[in-house]
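Report on the structure given below.
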Amino acid sequence: MPRAAIDDNERMHLRVRPEVKARLVRAAALRNTDLTNFVTETALRAADAVIAEAESIRLNERDFKRVLELLENPPKPNAKLRAAIAALPDTI
């Protein structure tokens, strides 16, 4: 289960080795931006990719057709499913 994001302030502190910071500063300079913007934009691109991967399902054509078929023609509930439904708490 993903951990909840905590937004306690607008600062984030990172400890990196001097050679790592030097590379980040050099890359930021090559992009004509400051270190904060460079790190933030790069991290956001990576974060967006992680979120997109976690929130999407990729199916090949065969599996996609199978999912559609099951949605249009769901199988009859078996005993295990009926037992699971019966065990659910009343929400009304």
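The values are calculated or read from the model by the stated rules, or taken from the named source; none is laboratory data. Values in this document were obtained by computation on a predicted structure and should not be read as measured data. Every residue, glycine among them, receives a Cβ derived from its backbone with ideal geometry; neighbour counts consider all protein chains shown.
Taking region 33-92 as the search range and keeping residues that are in a loop (DSSP other than H, G, I, E, B) and among the polar types (S, T, N, Q), which one is farthest from ARG23 (Cα to Cα)? Reasoning before the result, please.
At the first step, the residues of region 33-92 found to be in a loop (DSSP other than H, G, I, E, B) are 33-34, 55-60, 73-78, 88-92.
From what's left, among the polar types (S, T, N, Q): 33, 56, 60, 73, 78, 91.
On the way: THR33: 14, SER56: 33, ASN60: 40, ASN73: 56, ASN78: 59, THR91: 55 Å.
Of everything passing the filter in region 33-92, ASN78 is farthest from ARG23 (Cα to Cα).
Could you please let me know if ARG17 is surrounded by 11 or more Cβ atoms within 10 Å (Cβ to Cβ), modelled with pLDDT of 95 or more and either out of contact with any Lys or Arg (no Cβ under 8 Å at 6 or more places or on another chain) or not hydrophobic (A, V, I, L, M, F, W, C) (or both)?
Numbers: surrounded by 11 or more Cβ atoms within 10 Å (Cβ to Cβ): no; modelled with pLDDT of 95 or more: yes; either out of contact with any Lys or Arg (no Cβ under 8 Å at 6 or more places or on another chain) or not hydrophobic (A, V, I, L, M, F, W, C) (or both): yes.
Taking the combined requirement at face value, the residue does not satisfy it.
Which of (1) exposed (fewer than 10 other Cβ atoms within 10 Å of the Cβ); (2) modelled with pLDDT of 95 or more is the odd one out, the single condition ALA4 does not satisfy?
ALA4 satisfies every listed condition except (2).
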